[in-house]
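Trainee: There's a structure below that I have some questions on.
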Amino acid sequence: MTMGLRASALVLALSLSFSARTSADDGQHAHDSHGKVGTVKFPTSCSPAVQPRFERAVAMLHSFWYDQAELAFTQIAQHEPECAMAHWGVAMSLHHPLWSPATPAEVQRGAAAIARAQAARHATPRERAYITALASVYDPALKSLGDRNQAFAMAMEKVSRAYPDDTEAAIFYALALRSTAAPTDKSYAVQKQVGRILDPLYRRQPQHPGLAHYVIHNYDYPELAHLALDAARRYAKVAPAAPHAQHMPSHIFIRLGLWPDAIRSNRDSAAAGHRNFVESGSQAALAEKLHAMDYLVYGYLQRGEIAQATALWDELRRTNADWGYFSAYYAAAAIPARVTLETRRWSDAESLPEPAFTGGSYWTQVANGITHWARALGAARNGNVAQARKGIAALETLRSQLQSAGHTDGEMTVEILVRSAQGWTALAEKKTDVALERLRAAADLEDRTDKHPVTPGAVLPAREQLADLLLELGRPADALAEYEASLKTAPNRYNSLRGAIRAAQAAGQPKAAAKYNALLRKVAPKAEVERAGQAGAGQ
């Protein structure tokens, strides 16, 4: 996708799929956009006149509505420069522990804000503790987001211990601690520790946006997702004005394979993001919308509703973006890959435009990697080995760059893509043993890691790909075992269910075939039969 036009040129294209819904919802949400962001109690030494505005800004902060929170805190600080916590709020709005690293400009703004907070003369000891803790994030000696997250977690633990009755201190400590969890730690030790902080508070304060939100983030894992279902059902109603609050519940719905809920959540989020953009011109709102669109595409594909997913890709293709938000360019890369590969449109995947994302965080390289991989996979499945090998070489270059830069998460993500592309290319070369080894290695590595919140799931789960390969090689019983393993971590995926039916039938297991056929009918009652090389549900 080419990138470049200004936001004003995007309004028409971005509004096509959602404008009718937005117009219908405007009356319902007019009040929400000015108020309903949840309930927060955060006493400060600032004047009573700004206290309600401060607490509303904190509520927006808890829903990761960072640009609007920064604006709100800035306006408070301009009105009352000696309000130390307003400056703290500006700096806190620029530290995104669960998202992408701050840009150099954001770090500079945050450091300046925390310096103003430190210089304020009337801050209380408790406020000084908050300010000192956040100042650790802006230590110029810390260069990576991981280092900043570790420093903030240690500092906020001290604040929480010093003020054990301060709910906000506990919540911000829990958020900071959660940001330190390693994606390869399948014991979920950090998440369990965070749960011991958040869960009792959430039961007492279910209308607090941060509690509902962070419970969802904390349990956004296949093995833990059921623990956040109540928070997922509640959060959108707690903060209906915040686009992210409409979207975030879908993380849990997707983990549990609840596709209608996930689709509804992201339609609401996309509409909220569009409203926010129209009202404020916020580029972050456009990024939030694209993020929701990626999740929507994923949900529609799992329902077998290809036309809906393709329509969103068409909308994306009418969009020329110039955002600096990793969620936007990740979605711009993932959506075409999802639609072409999930529907087995190998030629369309092979002919996707060369990736052209530059700058930003390491996620630009990951986004480029997704497109290189989709092109390579499409080429391999079409028997175009030379083109597939070009894609693999590009992926290997990205992997080396990420490794040299110390971006372990990105390196592992691209390594999975490398192994997958190598496997399908080996199959095209009739090297079946190599193909099996490479795809099994991809699946095993993917099992040892976990997805980043930016994505609803792997474009094609590596273990599902391994099952596809085994089925093609005439090993249906082995394929069925791999489909079933994939469904344990990605329940109700259309292709895994369809593959399990075919594998069970070929393996002479009619009961298993009937079970998965019944489940597919339930999951995808309106599935379209035009998915290349596949029948619709129940066929």
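FYI, it's all coordinate maths here, none of it is from the lab. Every value quoted in this text rests on a predicted model; they were computed, and no experiment measured them. Every residue, glycine as well, gets a Cβ built from its backbone with ideal geometry; the counts of neighbours run over all protein chains shown.
Trainee: For the chain, what is the relative contact order in percent, using Cα pairs closer than 8 Å and at least 6 residues apart in sequence? Could you put the intermediate results ahead of the total?
Mentor: Working: 901 pairs, mean separation 66.1, N = 539.
Reported as a whole number, the value is 12 percent.
Trainee: Describe numerically, in nm with one decimal, the distance between label points set 7 Å from Cα along Cα→Cβ at Ala514 and at Gln193.
Mentor: It is 5.1 nm.
Trainee: Dividing the alpha-carbon Rg of the range 37-239 by 2.2 N^0.38 Å yields what?
Mentor: On the way: Rg = 16.1 Å, N = 203, 2.2 N^0.38 = 16.6 Å.
Ratio of Rg to 2.2 N^0.38 Å for the range 37-239: 0.97.
Trainee: Something else now. Given Cα pairs under 8 Å that are at least 6 residues apart, what percent is the relative contact order of the range 402-539? Walk me through the intermediate numbers first.
Mentor: Details: 154 pairs, mean separation 18.2, N = 138.
Relative contact order here is 13 percent.
Trainee: So if I average 1/r over every pair of distinct C-alpha atoms in the range 189-231 and take the inverse, what Kirkwood radius in Å does that give? Could you put the intermediate results ahead of the total?
Mentor: Values: mean 1/r = 0.0989 Å⁻¹.
Evaluated over the range 189-231, this radius sits at 10.1 Å.
Trainee: Past 24 Å, Cα to Cα: identify those pairs from Lys237/Lys289; Lys390/Lys431; Lys488/Lys515; Lys237/Lys451; Lys488/Lys511; Lys36/Lys192, in the order given. Spell out each step's value before the answer.
Mentor: Numbers: Lys237/Lys289 19 Å; Lys390/Lys431 18 Å; Lys488/Lys515 15 Å; Lys237/Lys451 26 Å; Lys488/Lys511 19 Å; Lys36/Lys192 30 Å.
In this structure, Lys237/Lys451; Lys36/Lys192 lie more than 24 Å apart at Cα.
Trainee: State, to one decimal in nm, how far the label point of Lys41 lies from the label point of Glu396, with both points 7 Å from Cα in the Cβ direction.
Mentor: Going by the 7 Å Cα→Cβ label model, 6.2 nm.
Trainee: Share of Cα-Cα pairs in the chain beyond 29 Å, in percent? Please report the intermediate quantities before stating the final value.
Mentor: Working: 76240 of 144991 pairs.
In whole percent, the long-distance tail amounts to 53.
Trainee: Contour minus end-to-end for Ala307 and Gln108, with contour as 0.36 nm per residue of separation and end-to-end as the Cα-Cα distance? Present the calculation step by step, with values, prior to reporting the outcome.
Mentor: Working: separation 199, 0.36 × 199 = 71.64 nm, distance 4.51 nm.
Value of the extension gain: 67.1 nm.
Trainee: Per residue and in Å³, how big is the convex hull formed by the alpha-carbon atoms of the range 344-523? The partial results should precede the final answer.
Mentor: Details: hull volume 20.1 nm³, N = 180.
Once divided by residue count, the hull of the range 344-523 is 111 Å³.
Trainee: For the range 325-336, take each phi angle, set θ = phi - 60°, evaluate the Karplus expression 6.51 cos²θ - 1.76 cosθ + 1.60, and give the result in whole Hz per residue in order, putting x for glycine and proline.
Mentor: My calculation for the range 325-336 gives 10, 5, 5, 6, 6, 5, 4, 5, 8, 6, 4, x Hz in order.
Trainee: If you don't mind, another one. When the helices in the chain are scored as -39500 (n - 2.57) per DSSP H run of 4 or longer and the sum is shared across all residues, what 222 nm value do you end up with, to the nearest 500 deg cm²/dmol? Display every interim value, and only then the final one.
Mentor: On the way: 28 runs with 366 residues, N = 539.
Only helices count here, giving -21500 deg cm²/dmol.
Trainee: Here is a follow-up. At Lys430 and Lys186, where each label point lies 7 Å from the Cα along Cα→Cβ, what is the point-to-point distance in nanometres?
Mentor: Roughly 3.7 nm, to one decimal.
Trainee: Another one. Report ³J(HN,Hα) in whole Hz for each residue of the range 195-209, in order, from the Karplus equation J = 6.51 cos²θ - 1.76 cosθ + 1.60 where θ = phi - 60°; Gly and Pro get x.
Mentor: x, 5, 7, 7, 4, x, 5, 4, 5, 7, 10, x, 8, 7, x
Trainee: Where in the range 384-425 does the label zone of Ser144 land, with the point 7 angstrom along Cα→C-beta and an amide N cut-off under 13 Å?
Mentor: So the set is 402-412.
Trainee: Karplus couplings for the range 60-77 from phi (6.51 cos²θ - 1.76 cosθ + 1.60, θ = phi - 60°), rounded to Hz, Gly and Pro as x?
Mentor: Calculated HN-Hα couplings, in order: 5, 4, 5, 9, 6, 8, 5, 5, 6, 5, 4, 4, 5, 5, 4, 5, 5, 5 Hz.
Trainee: Separate question: What are the equivalent ellipsoid semi-axes of the range 97-184, built from the alpha-carbon gyration tensor (square roots of five times its eigenvalues), in whole angstrom, biggest first?
Mentor: Semi-axes from the Cα gyration tensor: 21, 19, 9 Å.
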